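See below for the structure under consideration.
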Amino acid sequence: MGLLRSLYALITRGVHHRDADTFGGIDFQRLQQVLHHTVRNRQYFCEALSHRSYLQVTENESAVSNERLEFLGDAILNLVVAEYVFHRDTSAAEGDLTKIRSRLVNRKALTAYARHRHLADFILMSPSASQVPGRGMETILADAFEAMIGAIYLDGGYEDAKRFVQGCLLEALTEGTVKMEDENFKSRLLEQAQAGGFGTPRYSTVNEEGPDHDRTFTVEVFIGNVSYGVGHGKNKKDAEQAAAERALQQFRFSAKQAHGVNETGNAQND
């Protein structure tokens, strides 16, 4: 029995640990680097990264999708973010706290967190699922991010999961890919442009690049014949918002500028 047990251990070690840094097709050395987390139980993370479509193409009969871990991660995410916004603004009313939390845990925000940690490079899915466009891929990324929170929680406990979520949150807030305030830059630009007598801003898509499931749009905004900003986004709406935000940073409504735009078609930028 001792010999058989030793042989079994050797065989399974050869199957599951052919490369000390890979398991189930996942590069764990790199995954640990992007997560800033030391993995103890790799199986949790294989599950967290397994989209349900992967079950249709894998030969691993014991593989399960990340849907259960997504459920767990969602609960932990909401708790961590609720605690964060609660302590951040001690005077905010319950309704305001709820709105802020919603903005920090919606699909767009979760997708941003997932992209910051390059989860798309690790997700196990079928070839057809990897080609889904726009919002379909956003949903896959958002679900994987929540499942990853669940995996980290099971692997290292609540404090590890909290540290991961807060790190992703602060990183996205610092870079501006996620915002606390619900700012509609297009509406603000429209109001200011019309108030200054410049007319309605016009948005033009100047470039689209990348595969169908992960495209990047570039949009330029014009007021009159003058370009005031260029923005980028994973869809046209986000790119237009980014361009409008850029325009607001440059646009100044003074009598001198109004005269310059209306008579020469040129705006004076700071």
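Let's see how each residue does on (1) farther than 19 Å from Leu69 by Cα; (2) under 11 Å from the mean Cα position of the chain (by Cα):
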site: Asn106; (1), (2): no, yes
site: Tyr113; (1), (2): no, yes
site: Ala129; (1), (2): yes, no
site: Ile149; (1), (2): no, no
site: Glu159; (1), (2): no, no
site: Phe164; (1), (2): no, no
site: Thr177; (1), (2): yes, yes
Where a residue in the stretch 76-95 is surrounded by fewer than 14 Cβ atoms within 10 Å (Cβ to Cβ) and its partner, wherever it lies, is among the acidic types (Asp, Glu) and assigned to a helix (DSSP H, G or I), with Cβ under 8 Å and at least six apart: Asp89/Asp96
Failed condition for Met180, given (1) among the aliphatic types (A, V, I, L, M); (2) in the same structural domain as Val85 (by TED's automatic domain parsing); (3) under 27 Å from Gly229 (Cβ atoms); (4) touching a helix residue (DSSP H, G or I) at 6+ places or on another chain (Cβ under 8 Å): (2)
Residue in the stretch 37-57 that is modelled with pLDDT under 95 and among the aliphatic types (A, V, I, L, M) present: yes
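Criterion first (at pLDDT 95 or above and not assigned by TED's automatic domain parsing to the domain that holds Ala109) does Val165 satisfy it? Before the answer, list the steps.
On the way: at pLDDT 95 or above: yes; not assigned by TED's automatic domain parsing to the domain that holds Ala109: no.
No; evaluated as a whole, the condition is false for this residue.
The values are calculated or read from the model by the stated rules, or taken from the named source; none is laboratory data. If you're wondering where the values come from, they're calculated on a predicted model, not measured in any experiment. Cβ atoms come from the backbone with ideal geometry, glycine included; neighbour counts cover every protein chain shown.
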